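Enquirer: I have a structure here, written as structure tokens, and I will follow up with some questions on it.
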Amino acid sequence: MPVNPELVGRVFPPTAPYLVGREKVREFARAVFADDPQHTDPAAAQALGYADVVAPPTFAMVVQDLTLQQLLAEPDAGIELSRVLHVEQRFRYTRPIVAGDELVATLAVTGLRTMGGNAMVTSQAEITDSAGDHVVTATSILLVGGDA
């Protein structure tokens, strides 16, 4: 089944709130070799003016993944995980993610480009804090392979 072109413009419901935990930030920082103290030491982060440890920029993918799971679970999407390759990722921040943030993400499918039997699906997750203020926009492009 090819990727459904009617996905373009579809907006998914907001995710459940995700509470950013200090240990999750520390674990993620270790995993991506982000060794700046602001990612692991609350005092270092506070010296920079933050309330708690600061997540590395790619941490937004943790929250965005919740939205991509919605897309992959969509029955009429025509997207099968075994045929998906994540080919591009971008982030546009208003402010850093900090431990203690409660984040909600809303995904919109913004583009679909077909090439032969393959499709490139572009989506944007708008991630906001508990006050509804923008934190980061995470843009992903998925390459969905055609039927084998």
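The values are calculated or read from the model by the stated rules, or taken from the named source; none is laboratory data. No experiment lies behind these values; they were computed from the predicted model shown. Heads up, the Cβs are rebuilt from the backbone with ideal geometry, glycines too, and the neighbour counts pull from every protein chain shown. Protein only, heavy atoms only, side chains kept; ligands, DNA and RNA dropped before computing areas. Shrake-Rupley method; radii C 1.70, N 1.55, O 1.52, S 1.80 Å.
Enquirer: For the chain, find the longest principal axis of its Cα atoms and tell me its angle to the long axis of helix 22-31, 0 to 90°, nearest 10.
Expert: Roughly 70 degrees between the two axes.
Enquirer: Please give the FRET efficiency for Thr106 paired with Leu19, using the beta carbon to beta carbon distance and R0 = 22 Å, rounded to the nearest 0.05.
Expert: 0.80
Enquirer: Excluding ligands, DNA and RNA, what is the solvent-accessible area per residue of the chain at a probe of 1.4 Å, expressed in Å²? Can you show the working numbers first?
Expert: Details: 7650 Å² over 148 residues.
Using a 1.4 Å probe on heavy atoms only, each residue of the chain averages 52 Å².
Enquirer: At 1.4 Å probe size, with the rest of the protein present, what percent of the exposed accessible area of the chain is carbon and sulfur atoms? Don't skip to the end; give the middle numbers.
Expert: On the way: 4330 of 7650 Å².
Carbon-and-sulfur percentage of accessible area, whole number: 57.
Enquirer: Report, in degrees rounded to the nearest 10, the 0 to 90 angle that the Cα long axis of helix 60-73 makes with the longest principal axis of the chain.
Expert: 30 degrees
Enquirer: Can you order the peptides 35-41, 63-69, 131-137 by their average number of other Cβ atoms within 10 Å per residue, highest first? Provide the component values of the computation, followed by the final result.
Expert: Values: 35-41: 16.3, 63-69: 20.7, 131-137: 13.9.
Going by the mean number of other Cβ atoms within 10 Å, highest first, we get 63-69, 35-41, 131-137.
Enquirer: Let a ≥ b ≥ c be the square roots of the eigenvalues of the Cα gyration tensor of segment 56-148; is it rounded (a/c under 1.5), or, if not, prolate (a/b larger than b/c) or oblate?
Expert: Since a/c reaches 1.5 and a/b is larger than b/c, the shape of segment 56-148 is classed as prolate.
Enquirer: In nm, what is the difference between 0.36 nm times the number of residues separating Phe91 and Leu72 and their Cα-Cα distance?
Expert: Between Phe91 and Leu72, full extension yields an extra 4.8 nm.
Enquirer: Here's something else I'd like to know. To the nearest 20 debye, what charge dipole does the chain have about its Cα centre, counting +1 at the Cβ of each Lys and Arg and -1 at the Cβ of each Asp and Glu?
Expert: Once rounded to the nearest 20, the dipole reads 260 debye.
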